[in-house]
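The values are calculated or read from the model by the stated rules, or taken from the named source; none is laboratory data. Just so it is clear, the model here is predicted, and its values are computed rather than measured. In this analysis, Cβ positions are derived from the backbone assuming ideal geometry, glycine residues included, and neighbour counts consider all displayed protein chains.
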Amino acid sequence: MTQNTALRQRDHAYSNFTEKLLARDLKPGQIVSQRELVDLTGMPLGAIREMIPRLEADGLIKTVPKRGLQVLSIDLDLVRNAFQLRDIIEGEAISEFCKTATSEEIDLLAQQHADIREQAKAGVTPEVLKAAQRTDWAFHDRIIDAMNNPIISDIHRVNAIKIRLIRNNDTRMLPDLVVPVLDEHLAIFEALKARDCAAAVQAIHSHIDSAKRRALGI
């Protein structure tokens, strides 16, 4: 096997692992063996062994001596740390986006949010719910990627997995949250349209604080 093939298999195993984690086929705090991960991901043992150091570096698993591999546990420290990191990264990202994004892109993103909000007001169907979730995640990914900093994008990607696990161990947006979440995004867009970067930063901090409160059930 070539080195490139081994790397592709490792990356594929990593992707399969995170998909299973977000699909809740793996539970937070669960202990698994390498062989169980082979069965779960459908990848060879060599790829699993190559994947483990990356998962450990990302904080998604840890090795428990004589027991196996423990999936990330959800506790108050994780909530505090993950949302604090999100606050720092996205505050900087929205400030940069405010300065560099074109008016056309801001208007397009805002209109997409407004359209889904109108659909949600008429009734949150499964299709509307999926569209709202995609739009929510895509917006946050977009402002991060607009920084053109691969290191920050990678940190954001891993932290986003943890945030989705934290949210009541649910990766989905709940129907009754669709309109409130979109309203929070639309407040950010109002500041972006006005090129009021300080207001955009404040709006995204408020949005992230609301998300943390919802995750904690307060």
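Taking the condition of being without any contact (Cβ under 8 Å) to a residue 40 or more places away in the chain and either assigned to a loop (DSSP other than H, G, I, E, B) or under 20 Å from residue 156 (Cβ atoms) (or both), how many residues in the range 91-114 meet it?
2
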Among the candidates 122, 82, 101, 110, residue that is surrounded by 14 or more Cβ atoms within 10 Å (Cβ to Cβ), in the same structural domain as residue 188 (by TED's automatic domain parsing) and over 23 Å from residue 198 (Cβ atoms): 82
Of all residues in the range 176-195 being modelled with pLDDT of 90 or more and acidic (Asp, Glu), the one that is surrounded by the most Cβ atoms within 10 Å (Cβ to Cβ): 184
Any chance residue 88 is hydrophobic (A, V, I, L, M, F, W, C), in a helix (DSSP H, G or I), modelled with pLDDT of 95 or more and surrounded by fewer than 16 Cβ atoms within 10 Å (Cβ to Cβ): yes
Residue check, residue 76 surrounded by 13 or more Cβ atoms within 10 Å (Cβ to Cβ) and among the hydrophobic types (A, V, I, L, M, F, W, C): no
Any hit, the range 147-166, residues being in contact with a Lys or Arg (Cβ under 8 Å, 6 or more places away or on another chain), assigned to a helix (DSSP H, G or I), under 19 Å from residue 120 (Cβ atoms) and modelled with pLDDT under 95: no
For residue 140: the one exception among (1) surrounded by fewer than 19 Cβ atoms within 10 Å (Cβ to Cβ); (2) of a type outside the set (Val, Ile, Thr); (3) part of a helix (DSSP H, G or I): (1)
Test for residue 20: is it within 27 Å of residue 141 (Cα to Cα), in contact with a strand residue (DSSP E or B) (Cβ under 9 Å, 6 or more places away or on another chain), surrounded by 12 or more Cβ atoms within 10 Å (Cβ to Cβ) and not aliphatic (A, V, I, L, M): no
Some residue of the range 79-87 being farther than 25 Å from residue 141 by Cα and of a type outside the set (Lys, Arg): no
For residue 47: the one exception among (1) surrounded by 12 or more Cβ atoms within 10 Å (Cβ to Cβ); (2) closer than 24 Å to residue 212 by Cβ: (2)
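Quick one: is residue 173 at pLDDT 95 or above and outside any helix (DSSP H, G or I)?
No.
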